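What follows is one structure encoded as structure tokens, with my remarks underneath.
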Amino acid sequence: QVNLDQVDVTYSYKSDDMYVFMDGEYNQYELSADDIESVLPYIVDGMTDECKAVFFQGKVISVDLPTTIVRQIDYAEGSARGDTSGKVMKRARLSNGTELKVADFCEVGNWIEIDTRTGDYKSRAKAPA
């Protein structure tokens with residue numbers, strides 16, 4: 001049985017090719033893009049999401065994000081006129097370049113909830129505090 005430990009961390013910054021996360025005691029953990037490939041689409045400067053650093057044999061090997069995160073739309077395609085059902089989807093982009101499909105009524109500047117397990121748009125959201 002593999003024993004994996006977890007520590008709460010937040011994203012701090014990117015240094016060269018390494019992503020730096022910090023725990024509550026100011027310990028820093030550096031991970032490469034390969035280490036965090038599954039969560040990389042959701043890493044943005046200034047994010048405050050409480051993440052989990054995953055350790056194996058005392059070394060951090062990956063980071064898990066919360067199941068739902070809130071991000072801001074940086075670009076969105078035009079809308080179909082009059083559709084407010086939320087069933088028609090269009091392409092949008094986050095500030096870090098990640099593209100996804102959002103409800104047709106979403107616009108640039110809107111905050112949205114994203115399911116990090118699937119990468120799917122969930123709903124519009126309020127800006128994080």
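The values are calculated or read from the model by the stated rules, or taken from the named source; none is laboratory data. It should be emphasised that the depicted structure is a prediction, and the values quoted were computed from it without experimental measurement. Cβ atoms come from the backbone with ideal geometry, glycine included; neighbour counts cover every protein chain shown.
Out of D45, D49, D5, D35, I need the residue that is among the acidic types (D, E), buried (at least 17 other Cβ atoms within 10 Å of the Cβ) and over 19 Å from E113 (Cβ atoms). Which one?
Details: D45 fails: buried (at least 17 other Cβ atoms within 10 Å of the Cβ); D49 fails: over 19 Å from E113 (Cβ atoms); D5 fails: buried (at least 17 other Cβ atoms within 10 Å of the Cβ).
Sole residue among the options that is among the acidic types (D, E), buried (at least 17 other Cβ atoms within 10 Å of the Cβ) and over 19 Å from E113 (Cβ atoms): D35.
Among (1) modelled with pLDDT of 95 or more; (2) within 17 Å of M47 (Cα to Cα), where does A127 come up short?
Condition not satisfied by A127: (1).
When region 40-53 is examined, which residues are found to be outside any loop (DSSP other than H, G, I, E, B) and either without any contact (Cβ under 8 Å) to a residue 40 or more places away in the chain or under 14 Å from V20 (Cα atoms) (or both)?
Taking region 40-53 and keeping what is outside any loop (DSSP other than H, G, I, E, B), we get 40-42, 51-53.
Scanning region 40-53 gives L40, C51, K52, A53.
Within region 51-60, can you find the residues that are more than 11 Å from the chain's Cα centre (by Cα) and within 12 Å of V7 (Cα to Cα)? Break it down stepwise before answering.
Residues of region 51-60 more than 11 Å from the chain's Cα centre (by Cα): 52-60.
K52, A53, V54, F55, F56, G58, K59, V60, listed by residue number.
For region 63-111, how many residues meet the condition of being loosely packed, with under 15 Cβ neighbours inside 10 Å, among the polar types (S, T, N, Q) and modelled with pLDDT of 90 or more?
2
Determine which member of the set Y19, Y26, Y11 is modelled with pLDDT of 95 or more, farther than 21 Å from A129 by Cβ and under 14 Å from the mean Cα position of the chain (by Cα). Step through it out loud before you land on a result.
Details: Y26 fails: under 14 Å from the mean Cα position of the chain (by Cα); Y11 fails: farther than 21 Å from A129 by Cβ.
Matching residue, one of Y19, Y26, Y11: Y19.
Given the conditions (1) closer than 30 Å to D104 by Cα; (2) part of a strand (DSSP E or B); (3) in contact with a Leu (Cβ under 8 Å, 6 or more places away or on another chain), and given that S62 satisfies all but one, which numbered condition is not satisfied?
Against the list (1) closer than 30 Å to D104 by Cα; (2) part of a strand (DSSP E or B); (3) in contact with a Leu (Cβ under 8 Å, 6 or more places away or on another chain), S62 comes up short only on (1).
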